[in-house]
Amino acid sequence: MSNWVDFLPLLFLVLIFWLLIIRPARARQREFLKTQNALSVGDKIMLASGIFGEIASIGDETIELRIAPETVVTVNRQAVAKVTPAAPAAGSDD
């Protein structure tokens, strides 16, 4: 019985580590992969560097991003931070 009680603080620390570090990291990773898999041509996105643009084409590892009417840049697919929602129409009252 004494040996089991000696390991209780260590088990408690492992549980706290799992709850505060590993579990949220896995959730972020799942969300990131879901975002990566849902990308499609025409989506408005924001890169990790803060650049906004529209996807012109998608490759296996790269994306061509239209950042201005005649400007297309090639970026790594992993640089996509989030898909931005479409702006509401100027005349709509929601």
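Using beta carbons and a limit of 8 Å, which pairs, at least six apart or on different chains, have the first residue in the range 60-87 and in contact (Cβ under 8 Å) with a residue 40 or more places away in the chain and the second one part of a loop (DSSP other than H, G, I, E, B) and open to solvent by less than 80 Å² (accessible area, probe 1.4 Å)?
Pairs that qualify, where the first residue is in contact (Cβ under 8 Å) with a residue 40 or more places away in the chain and the partner is part of a loop (DSSP other than H, G, I, E, B) and open to solvent by less than 80 Å² (accessible area, probe 1.4 Å), are ARG77/LEU39; ARG77/GLY59; VAL80/LEU39; VAL83/ALA38; VAL83/LEU39; VAL83/ASP43.
Working only within the range 73-94, note down all residues that are at pLDDT 85 or above, out of contact with any helix residue (DSSP H, G or I) (no Cβ under 7 Å at 6 or more places or on another chain) and not in a strand (DSSP E or B).
Across the range 73-94, the qualifying residues are GLN78, ALA79, THR84.
Just to be sure I understand, how many residues within the range 23-72 are part of a strand (DSSP E or B) and open to solvent by less than 80 Å² (accessible area, probe 1.4 Å)? Break it down into steps so the answer makes sense when it comes.
Going through the range 23-72, the residues part of a strand (DSSP E or B) turn out to be 44-47, 52-58, 62-68, 71-72.
Subset that is open to solvent by less than 80 Å² (accessible area, probe 1.4 Å): 45-47, 53-58, 62-65, 67-68, 71-72.
Selection size over the range 23-72: 17.
The values are calculated or read from the model by the stated rules, or taken from the named source; none is laboratory data. Please read these numbers as outputs of a predicted model, since none were measured by experiment. Backbone-built Cβ (ideal geometry, glycine too); neighbour counts: all protein chains shown. Heads up: the accessible areas ignore ligands, DNA and RNA and are worked out on the full protein's heavy atoms, side chains in. Shrake-Rupley method; radii C 1.70, N 1.55, O 1.52, S 1.80 Å.
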